[in-house]
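The structure under discussion appears below in the form of structure tokens.
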Amino acid sequence: MARKENPYKGYGIATQAIHTGTDYDEGTGAVRRPLHMANSYKLPDDLSKVNYSSTDLLMYSRNGNANQHWLEEKIAALHDADDAIVLASGVGALHALFWTLLKSGDRVVYPNVSYMAVYRMFHELFNRKFGVDTVMVDMTDLEAVRRAITPGTRLVHIETPDNPTNGVTDIEAVVKAAHENGAVVSVDNTFASPLNQKPLELGADFVVEALTKFINGHGDAQGGAIISNDLETMERIRYEAQVNVGAVISPFNAWQIFRGSATFPLRMRQINESSQRIAEWLEQRENVTFVSYPGLPSNPGHALAKRQMKNGYGGVISFGVAADDKAVERFCAALKVVTFAVSLGHDESLIFPQPSYDERIHLYPERFRKGFIRFSVGLEETEDIIADLDQAFVKLGL
């Protein structure tokens, strides 16, 4: 659907988060966008030029809905981008991008440390079902990445910081190597968020955000976005993956995320600050075996992160404790302020152990293979989070 000019372009990210995509409701004059739970919209009187598989007209919710379009305006603005497509989940957005870009015989280079669904798509599904040549590489090793990107490579997919080890990839350098070989680059920016990192400004062709996480920020709605300045390919994604595969976001989830995204920059700044302090505190604990956070000088990617992440280093801390899997589980269960649950980017802090029997653990650096915990910092008082971690360490004798 054609994007109207953003009247808040050039304003700061907090101003755009509040105002872009927002307008008075025509029917009531309300200063909030309404929720339209409609499946169908009124068709024009003349149907001769209607394309029932296009997204240029509101007619059926799979082709797009009003709440989705308003959210797309906002997400594009957060990345200073020309366009965004919002879909049902972060994985739905990743699949839509890969599905549209790739065909049998294409070569993909992707990280050996990445979100589980990316690992599944490339390690198992796209190669076995569609004959896509999928090549796994350590994205933090630039020379290894350059060797893996050969002529004929169609896509290089980056995740930085990566999930769950917080490894940092040099976006500009990978983009240069990819473009020299005719490949396009996509970046999963979920751990960083657009407050801290804007991959399009570093040369990436496509960005994916799991809106479920920091941008929504309240743990109550799923959504994903693809962001790009390549308008032609974005229209292909809408046609091929949204309309004809159907991973469309519901109006309610789009409305929820639109509401949550208004406070995203404010929340993210607090999360950045708390995460830095907590990471520094964890690094001083005797029985903490490692702390991986891009804001720590001890992180191998710290200097790079300092260069390409502008306002902070995100809200996920990866750390290890000198304990076996069961003791790690007991530590997580002993927390009172921090919630023992999967996911990340919520208002509440979330903690989840990465067990030593995970099928991908051998792909992680050695120190991550025992007692590994992924911790998503929330909006509680920083001192309360630290005190909660401390009492659990004491309780478990760690």
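Under the shape rule built on the C-alpha gyration tensor, where the axes satisfy a ≥ b ≥ c, the stretch 115-207 is oblate, since a/c reaches at least 1.5 while a/b does not exceed b/c.
When the P(r) is computed for the stretch 54-102, the part past 17 Å accounts for 42% of the Cα-Cα pairs. Peptide packing for 138-147, 105-114 was compared via the average number of neighbouring C-beta atoms within 10 Å per residue; ordered from the highest value, the list is 105-114, 138-147. Three semi-axes describe the equivalent ellipsoid of the chain; taken as square roots of 5 times the Cα gyration tensor eigenvalues and ordered largest first, they are 35, 26, 18 Å.
For the stretch 329-398, the relative contact order works out to 37 percent when only alpha carbon pairs closer than 8 Å and six or more residues apart are counted. Between His19 and Glu180, the C-beta separation translates, for a Förster distance of 45 Å, into a calculated FRET efficiency of about 0.70. Among beta bridges from DSSP that stay inside the chain, the antiparallel ones total about 60%.
Based on Cα contacts under 8 Å between residues 6+ apart, the chain shows a relative contact order of 16 percent.
As a rough guide to protection, the peptides 284-290, 174-180 ranked by mean Cβ packing within 10 Å, highest first, stand as 174-180, 284-290. Convex hull volume per residue, computed on the Cα atoms of the stretch 264-396, equals 104 Å³. Packing, as the average of other Cβ atoms within 10 Å across residues, places the peptides 375-382, 297-304 in the order 375-382, 297-304, highest first. Over the chain, DSSP H runs of length four or greater, each weighted -39,500 (n - 2.57), average out per residue to a 222 nm ellipticity of -9500 deg cm²/dmol.
Modelled label positions at Lys103 and Tyr60, each set 7 Å beyond Cα in the direction of Cβ, lie 2.6 nm from each other. Quick check on the stretch 1-115: take the gyration tensor over C-alpha atoms, sort the square-rooted eigenvalues as a ≥ b ≥ c, and tell me if it's rounded (a/c under 1.5), prolate or oblate. Oblate, because a/c is 1.5 or more while a/b does not exceed b/c.
Laboratory data are not the source of any read-out in this text; all were calculated from the coordinates shown. Here the structure is a predicted model, which is why all the values come from computation and not from measurement. Cβ coordinates were reconstructed from backbone atoms using ideal geometry, including for glycine residues, and neighbour counts include every protein chain displayed.
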